[in-house]
Amino acid sequence: MSRGSFNKAAALHLSAVGVLFALHFILPDYHHGNLARIMVLASFAMAYNISFGYTGLLSLGHAMFFAAGLYTAGLMAQFAGLGAAGGIILGLAAGFALAVAVGCLALRTTGVAFMIVTLMFAQAAFLTIFYFGEYTRGDEGFIIPSLQRHLFGLSLAEPAVRYFVALTLFALCVAVSYGVARSSLGRVFAAIRENEERTRMLGYNVFLYKLAALAISGAMAGAAGAAYGLLFGYVGSTFASIQYSIFPLLWVLMGGAATVLGPFAGTLLMFYLVDISSAFTTANMLIVGLALIGLILFFPKGILGTLRERVAPWLP
């Protein structure tokens, strides 16, 4: 990437964060709350993009990393009285540790086998939540005590605080994704995605690089899960279900795999497609499916992926 392209890419991502900052002062309450939720979910999608978009690891188990952060923060707040800062740090650590443990086993497989193994691990994690229902409250879930939803003395239940914490998490995930995309590590990830055997022949330890991608992805997903529980005050098994492994895949495909802001664009689009269509039909996922078909026809690489291919090759 040339210096001019680097400057344009950096300016674009800084501008995106700046626009989101400015929207806090403009949006009505309903959309203000929605955008805070979207930024946290987009952070989860960016985590998935590290493993799938940049490294080519098609996982159907990322809900377990999100849920690891969510339940770690929630249970530590519920039973240990841990505050929000500690909850987010431990949630990140839980996602990282689980990703490393799962990766050491699942990465012994490739392709469809890897997808199935990650799905099996995710289902095992989902069932574990019900096994320990005495603490997790199973399908019902539980509310995180308001006293533990404070960060540096500020209540995360306050809309303005919640928004800026979500924006901070989103900005950090953008920075990590942008750094990975431009680094030598990211170039090795891309080489593995394009041709794993050739990358191995060049002398790279492919297993360790794939494990690193999964670990970074798991840590980001865990942090997003912890933030989601603490910001919105609820922990439930829905977030560990198969749909929350499929959602980030759809968000990334819609926005553009291996683009930094593509996951945000996909999350924003799908969130409002569901939100708007819910007003006149219960078949809102049918609307999402039709939109996805339209995107495949006209934007085969997602919104930002296709724009990068056609008009903006400097997009990371």
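Readers should treat all values here as calculations from the given coordinates under stated rules, not as data from a laboratory. Predicted, not measured: the structure shown is a model, and the values here were computed from it. Cβ atoms come from the backbone with ideal geometry, glycine included; neighbour counts cover every protein chain shown.
Miscellaneous remarks
- Unit charges at the beta carbon, dipole of the range 165-316: most positive-side option, Val188, Pro248, Ala221: Val188
- Inter-label distance, nm, simple model (7 Å from Cα along the C-beta direction), Leu202/Cys104: 2.9
- Inverse of mean 1/r across different Cα pairs in the range 23-82, Kirkwood, Å: 13.8
- The phi torsions of the range 74-83, fed into the Karplus equation with coefficients 6.51, -1.76 and 1.60 and a -60° offset, translate into couplings of x, 5, 5, 5, 5, 10, 10, x, 6, x Hz, rounded to whole numbers, with Gly and Pro shown as x.
- With Cα atoms as the point set, the range 148-256 shows a radius of gyration and Dmax of 17.4, 54 Å.
- You can think of it this way: the chain between Leu147 and Thr281 has 44.4 nm of extra reach, that is 0.36 nm per residue less the Cα-Cα gap.
- Between Ala113 and Ala175, the FRET efficiency from the beta-carbon distance, with R0 = 45 Å, is close to 0.85.
- 5 angstrom amide H check on His150, placed H, neighbours 5+ away: Ala84, Leu156
- Segment Phe164-Leu12, length gained on full extension (0.36 nm per residue, minus Cα span): 52.7 nm
- Computed over the chain, the percent of Cα pairs more than 26 Å apart is 45.
- Look at Trp314, Trp251 and count the other Cβ atoms within 10 Å of each Cβ; fewest to most, that gives Trp314, Trp251.
- Helix-only [θ]222 nm of the chain, DSSP H runs n ≥ 4, -39500 (n - 2.57) each, per residue, nearest 500: -24000 deg cm²/dmol
- Taken one residue at a time, the phi angles of the range 183-188 give Karplus couplings (6.51, -1.76, 1.60, θ = phi - 60°) of 8, 5, 4, x, 5, 5 Hz. Gly and Pro are set to x.
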